[in-house]
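Undergrad: This structure is in structure tokens; I'll ask about it shortly.
Bear in mind these aren't lab numbers, they're just calculated from the coordinates by the rules spelled out. Everything quoted here is computed from the prediction, not taken from an experiment. Here the Cβ is made from the backbone with ideal geometry for all residues, glycine too, and neighbour counts use every protein chain on show.
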Amino acid sequence: MATRHIALKPGFLPAYREGRLAWEHSSVGVYRSTLDGRILDCNESFARMFGFLSRTEVFAHCIADLYPSEEDAKAFLTRLQEHQALTNYEICGRRKDGRTFWLLQDAILLEGSHGVPDGVEGAVVDITDRKRREEALHRSEAHYRLALETAADAFFTLGPNGRILYANAAAERVFGYQREQILGQDFSLLMPEARRELRRIGIRRYPETEEGQLRRRPVDLIGLHRNGQEIRLEVSFAQFLGDSEHAFTAIVRDRTSQQRAVEALQTSEGSYRMLFERDLAGVYRSALNGRILDCNESFARMFGFASRAEVLGRRTGELYPSRKDRRAFLARLREQRSLANYEIRGRRKDGNAVWLLQNAVLLAGENGAGDLIAGSVVDITDRKEAEKAVRQLPGRILQAQDEERRRLARELHDSSAQTATCVAMNLALAMKFLAQAHPKARRVLGDSMDMVKNLSQELRTLSYLLHPPLLDELGLGAALRSFTKGFAERSKLQVLARIPKNLGRLPSDVELTLFRIAQESLTNIHRHSESKVARLQLVRGPDQVSLTVSDRGRGIPREHLERILNRYSRSQLGVGIPGMRERVRQLGGRFTVACSSRGTRVTAILPLGKAES
């Protein structure tokens, strides 16, 4: 087939047609094909490029098989017919195994004997690796540009004359200009007027000396916002070679807000320090190992030291009564990370105890340092003493009541009852002397004698109820036996008492408390329960004694019982259930009231060791 090239350009295929030998052994893939795609000839490089074992294997395929799709083959041919020849045309090819790769192709149309194009001659080079590098470069450039555009710091590219070639979005925020307004402008535009010329000189000198006024390390500069306000900047300059000329990059960080924050922090720290020093509460900071790092004067005085200087460096363990107290505090703080209104005992320099109300927080140390404790303490010793006095007040009132009962009982027994006895004796003598008196007068004297005897008996009973002398003389067992017997006779209530014969003596306050509980409980049964039977049981153990009084009455409604147990006032001490409970509490015991449809049970348990001590 006689052919000639159409519009052949320098560097095209003729170099591969000068000799068959060069054509065959060229590393460039060379081919010829008809316009309908039939492959007429190719070299081995072309065959290997598309994954064939030999050029003979290629002849069984058409050009369209070597493109990812038939549309791609048609598009290439259309472009070639339009331009007659294509140079450095990038196109995607398909290997025998179906994988695609990139080709750089030179191609021309071949003219037939009648002057009509009837074939294609081309040369291809595999540029897949180059395309991958280009794509990687494009991705890298895209990521680089994205990083610049999203950076918090302003970024500039400057030409050798100091004019701005590029500015990112942060530059608009820092200086208040739109990018279009500063591109092409001198970088000194962003400096105060007094500094602009100095900056221009520095940029010009940098390429010549490498030691000009611009440095690679960050420097602090004053910038100028569009609104005329000066701003504090941290600027890093660097030089690079672009288009055979020196150029610069500038990274600018706005430190105005940071500087304001630092100044505000310094002011705040000054105010805090003033409050720290003048606070009436004791304020301190310590390491977790107990070393006191800082404290105010109030803290020092609270623990009896002359000044904070005397406290600093000491261990907090010195300020606790025992190591156990400090370990308990640390364990609680580690568990909760902070403590509020934590009451704890401290120890003053002279060894005296002090009660403290403490707020503390566990702080993480900086730069790898250990945890710190920051806290404040308030001296509540006076409050604790007042609370102790208030807690002791009910006991003192009950003690005063018992003392007054003992005094009244003694007065009634030793004075009033004796006086009544004397009156009865005088009346008896009068009766003897007036044996012959008028019968009516003798009857009046007899009635008077009976009333005086009753009065004497009532005075003795009242004296016994106020304070039985057997309680002091023979102990609780004898006093309870006598009282239950007399109470059963007076009230007509069957009292089943189980009292150990070998009970022995108990501490006087325990005996008095149990007797009063038994006395009050039996009185309540008689007045309110409507029960015909009452049970009393006294049991003594090695370290405690218990008293149980129960009935088979109607019981106490739950709501009413809760009101009674929750009621607490000085006027009610010694009266009913609140008085019994308070007596037991003063001795460190337990007091319970259980109610059901089968009756009520009152139980008091008192420790013997604590009571004796």
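Undergrad: Could you tell me the center-to-center distance, by alpha carbons, between the range 24-86 and the range 310-355 in angstrom?
TA: Comparing the Cα centres of the range 24-86 and the range 310-355, I get a distance of 91 Å.
Undergrad: When the chain is fully extended, how far beyond the present Cα-Cα distance does residue 348 get from residue 240, taking 0.36 nm per residue of separation?
TA: Contour length minus the Cα-Cα distance gives 31.9 nm.
Undergrad: Let me ask something additional. Testing the spin-label approximation: label points 7 Å from Cα along Cα→Cβ at residue 310 and residue 382. State their distance in nm.
TA: Here the answer is 2.2 nm between the modelled labels.
Undergrad: Right, here's the next one. What number comes out for the charge environment of residue 501, summing +1 per Lys or Arg and -1 per Asp or Glu over other residues with Cβ under 12 Å away?
TA: With Lys, Arg at +1 and Asp, Glu at -1, the neighbours total +3.
Undergrad: Still on this model: Residues with beta-carbon under 14 Å from that of residue 335, excluding residue 335: net charge, scoring Lys, Arg +1 and Asp, Glu -1?
TA: +3
Undergrad: Starting from the Cα of residue 502, step 7 Å along the direction of its Cβ; do the same at residue 79; then give the gap between the two resulting points in nm.
TA: In this crude label model, residue 502 to residue 79 measures out at 12.1 nm.
Undergrad: Continuing with the same structure: Compute the signed sum of charges (Lys and Arg +1, Asp and Glu -1) over the other residues within less than 10 Å, Cβ to Cβ, of residue 41.
TA: Residues near residue 41 contribute +1 overall.
Undergrad: For the range 4-133, just say rounded, prolate or oblate: build the C-alpha gyration tensor, square-root its eigenvalues into a ≥ b ≥ c, call rounded for a/c under 1.5, and beyond that prolate if a/b exceeds b/c, oblate if not.
TA: rounded
Undergrad: How big is the gap, in Å, between the Cα center of the range 106-170 and the Cα center of the range 521-547?
TA: Between the Cα centre of the range 106-170 and that of the range 521-547, the gap is 105 Å.
Undergrad: Continuing with the same structure: Does the range 475-612 come out rounded, prolate or oblate, given a ≥ b ≥ c as the square roots of the eigenvalues of its C-alpha gyration tensor, rounded meaning a/c under 1.5 and, failing that, prolate meaning a/b above b/c?
TA: In terms of gyration-tensor shape, oblate.
Undergrad: If you don't mind, another one. Is the C-alpha gyration tensor of the range 78-151 telling us rounded, prolate or oblate? Criteria: a/c under 1.5 is rounded; beyond that, a/b larger than b/c is prolate, otherwise oblate.
TA: It is prolate, given that a/c is not under 1.5 and a/b is the larger ratio.
Undergrad: Extension gain residue 87-residue 374, at 0.36 nm per residue separation less the Cα-Cα distance, in nm?
TA: 95.5 nm
Undergrad: Let me ask something else about it. Sort 53-66, 116-129 by packing, meaning the average of other beta carbons within 10 Å per residue, with the highest value first.
TA: The most tightly packed comes first, giving 116-129, 53-66.
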